[in-house]
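The values are calculated or read from the model by the stated rules, or taken from the named source; none is laboratory data. What you are looking at is a predicted structure, and each value in this text was computed from that prediction instead of being measured. Virtual Cβ from ideal backbone geometry, glycine too; neighbours counted across all protein chains shown.
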Amino acid sequence: MNPSGPSGPASDSRNTRRKLLLVWAATALLLLGLVTLAVVRTGPAPGTDFLAGPHDQRPAHPAAAPGTHAPEPQASPAADLDAEIQRILAENSGYRIGVALVDTHGGEPRSYGDGSEFVAASTAKIITAAAYYHLVETGEKSLDVPLGSFDAAFQVKAMVNASSDDSWLLLMQDIGYPTLIEYAASIGISYDPEQNMLTPAEMALLLRQLSTGKLLNAEHTKELLGYMQQTNNERLIPAAVGPDVTVQHKYGELEGYVHDAAVLTSGGRSYALAIYSWGEDGESEERLAVIHQLTEAVTGALLS
């Protein structure tokens, strides 16, 4: 007798039912998996943190294409200019230098280096010229009256365009020191002609007021700014600008002080720039080079 022989019908039935149960169970598991996947796929938007682990967040911006680099944040022109001016000043620390820059269309002046008072030298002649024109406009003075060997109009032009100290003295005496101090105060400048001290920022703001017609009428504004072009010394700021930039300026030199202050205009943009400096060498090539570098930094950033 062989106990391991073929099974009977009952045994075959049991085996069939067992196989069917296994198939049904597998089918149920498959259906449950499909339902779960559908729930997950229709869940919260992937822009949220839901279901996203710490290393599975979507980037805020699309990733750069393979082989390329995301663009670096660009510094603003103003920040670049600030850094360049600071670099020039640091490399020339043997000089005492103050720089002020202001948009003639508005805004506060930006100051660099030494912002305290300097002996203004001949840059302050612009205050005297503006004061005299103002008195002409109020009827207290005339450009046609004799003053020294010539008339007042001649003395104003000689003082500004040729930087004549004799003309300056004649005009200040004719105005009177108290009146000159009062006029300067009326335009926001604390100025004593006997001390002749100004900050670079005061000079820049003076030029902004002049160039925008805040000080004088249109005729006198044009005339005075005209005297500030093609002066007897164009070696400072004017020598460092391109042909597309108009320069109206007043320089000053006295016992180690070398200054220049200018209105720079190109393509509808206009800035007042004042550079005051002191050193042992006067108007040396080294000093001129510093003023040229500062001017080129400003015009390159703002007027190019």
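Counting only residues that are touching a helix residue (DSSP H, G or I) at 6+ places or on another chain (Cβ under 8 Å) and under 23 Å from residue 153 (Cα atoms), how many does segment 167-193 have?
Selection size over segment 167-193: 13.
What number goes with the only condition from (1) touching a residue at least 24 places away in the same chain (Cβ under 8 Å); (2) farther than 16 Å from residue 108 by Cα that residue 194 does not pass?
Residue 194 satisfies every listed condition except (1).
If residue 239 satisfies every condition in (1) touching a residue at least 24 places away in the same chain (Cβ under 8 Å); (2) touching a strand residue (DSSP E or B) at 6+ places or on another chain (Cβ under 8 Å) but one, which is the exception?
Failed condition: (2).
Please work out if residue 122 is surrounded by fewer than 19 Cβ atoms within 10 Å (Cβ to Cβ) and small (Gly, Ala, Ser).
It is false that residue 122 is surrounded by fewer than 19 Cβ atoms within 10 Å (Cβ to Cβ) and small (Gly, Ala, Ser).
Residue 216 - would you say it is modelled with pLDDT of 95 or more, surrounded by 18 or more Cβ atoms within 10 Å (Cβ to Cβ), within 32 Å of the chain's Cα centre (by Cα) and within 13 Å of residue 130 (Cα to Cα)?
Details: modelled with pLDDT of 95 or more: yes; surrounded by 18 or more Cβ atoms within 10 Å (Cβ to Cβ): yes; within 32 Å of the chain's Cα centre (by Cα): yes; within 13 Å of residue 130 (Cα to Cα): yes.
Yes: the conditions hold for residue 216.
Are any of the residues in segment 93-102 exposed (fewer than 14 other Cβ atoms within 10 Å of the Cβ), at pLDDT below 95 and either within 35 Å of the chain's Cα centre (by Cα) or within 30 Å of residue 298 (Cα to Cα) (or both)? Before the answer, list the steps.
First pass over segment 93-102, keeping only residues exposed (fewer than 14 other Cβ atoms within 10 Å of the Cβ): 93-94.
Narrowing further to those that are at pLDDT below 95: none.
Scanning segment 93-102 turns up no residue that is exposed (fewer than 14 other Cβ atoms within 10 Å of the Cβ), at pLDDT below 95 and either within 35 Å of the chain's Cα centre (by Cα) or within 30 Å of residue 298 (Cα to Cα) (or both).
Out of all the residues in segment 100-122, which are out of contact with any helix residue (DSSP H, G or I) (no Cβ under 6 Å at 6 or more places or on another chain) and either closer than 20 Å to residue 160 by Cβ or among the hydroxyl-bearing types (Ser, Thr, Tyr) (or both)?
116, 118, 119, 120, 121, 122
From the list 114, 103, pick out the single residue that is of a type in the set (Asp, Glu), out of contact with any Ser or Thr (no Cβ under 7 Å at 6 or more places or on another chain) and within 25 Å of residue 195 (Cα to Cα).
114
I'm trying to understand the selection: among the residues of segment 228-242, which are over 20 Å from residue 297 (Cβ atoms) and either crowded, with 21+ Cβ neighbours inside 10 Å or among the basic types (Lys, Arg) (or both)?
As a first pass, look at segment 228-242 and keep what is over 20 Å from residue 297 (Cβ atoms): 228-233.
228, the sole residue that qualifies.
Count, please, the residues in segment 149-168 that happen to be within 24 Å of residue 278 (Cβ to Cβ) and surrounded by 15 or more Cβ atoms within 10 Å (Cβ to Cβ).
So the count comes out to 5.
Does residue 200 satisfy the criteria of being touching a residue at least 60 places away in the same chain (Cβ under 8 Å), over 12 Å from residue 127 (Cβ atoms) and of a type outside the set (A, V, I, L, M)?
When the stated conditions are applied, residue 200 passes them.
Mind listing whichever residues of segment 194-213 are crowded, with 20+ Cβ neighbours inside 10 Å, touching a helix residue (DSSP H, G or I) at 6+ places or on another chain (Cβ under 9 Å) and among the polar types (S, T, N, Q)?
211
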